[in-house]
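The values are calculated or read from the model by the stated rules, or taken from the named source; none is laboratory data. These figures come from a predicted structure and were not determined experimentally. A quick note on method: Cβ atoms are made from the backbone with ideal geometry, for glycine too, and the neighbour counts reach across all protein chains shown. Surface areas here come from the heavy atoms of the whole protein model, side chains and all, with no ligands, DNA or RNA. Shrake-Rupley method; radii C 1.70, N 1.55, O 1.52, S 1.80 Å.
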Amino acid sequence: EAMPILRDRGTPFPLFLGAGSQAILANLPPHNIKSLYLSNPEDIADAGLGSTWKEFRENMTQIRKDGYAIRSGKINTKMLGVSVPIILHSGEVTGSLLMLTQNTPEEIGEVANIIPHLRTQAAAIGDQIVVLQEAYAARRSSGVSI
């Protein structure tokens with residue numbers, strides 16, 4: 001069954017709604033998570049991530065502990081987003097790898113089988129980012145313009 005994409009490429013997406021951003025948010029340093037809460041309590045509550053700092057912190061802790069975020073589409077309810085963080089060797093989160101699928105009981109049941117593959121690919125992406133960062137640093141230090 002076709003899943004229409006109801007957003008154009010490059011269209012801003014609300015920070016707290018999607019699985020992709022939640023996988024990133026949950027892996028930020030605690031002071032950044034608290035700052036985001038203090039600046040956006042209404043948006044966080046509207047996204048269902050908690051109406052208090054304690055609830056939001058617990059939700060972020062659970063996502064970080066699980067190692068993935070999963071969200072049913074709020075904009076397109078036929079979609080299900082599953083995302084894992086891309087974490088560099090330094091422990092810094094640099095992005096997320098997101099898979100969209102149909103929001104059906106069958107697909108939800110397959111999430112447990114999909115997550116290990118997403119984690120493997122996210123780790124490979126993180127490794128390549130480190131390689132590129134090192135190559136860039138080496139070029140800069142040798143005086144080669146990029």
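Of note:
- Against the criterion of being buried (at least 18 other Cβ atoms within 10 Å of the Cβ) and not in a helix (DSSP H, G or I), F16 qualifies.
- Test: residue in the stretch 77-98 that is of a type outside the set (F, W, Y), in contact with a Phe, Trp or Tyr (Cβ under 9 Å, 6 or more places away or on another chain) and at pLDDT below 90: no
- Cβ pairs under 8 Å, 6+ apart, first in the stretch 4-27 and on the phi < 0 side of the Ramachandran plot, second among the acidic types (D, E) and modelled with pLDDT of 75 or more: P14/D43; L15/D43; F16/D43; F16/D46
- Among all positions in the stretch 111-119, there is no residue which is open to solvent by less than 80 Å² (accessible area, probe 1.4 Å) and over 16 Å from G67 (Cα atoms).
- Which numbered condition L80 misses (of (1) in contact with a strand residue (DSSP E or B) (Cβ under 8 Å, 6 or more places away or on another chain); (2) open to solvent by 40 Å² or more (accessible area, probe 1.4 Å)): (2)
- Residue within the stretch 38-55 that is surrounded by 20 or more Cβ atoms within 10 Å (Cβ to Cβ), in contact with a Leu (Cβ under 6 Å, 6 or more places away or on another chain) and closer than 30 Å to Q133 by Cβ present: no
- Scanning the stretch 76-95 finds one or more residues that are under 17 Å from L15 (Cα atoms) and in a loop (DSSP other than H, G, I, E, B).
- Taking the stretch 4-42 as the range and being at pLDDT 95 or above and acidic (D, E) as the test, only E42 passes.
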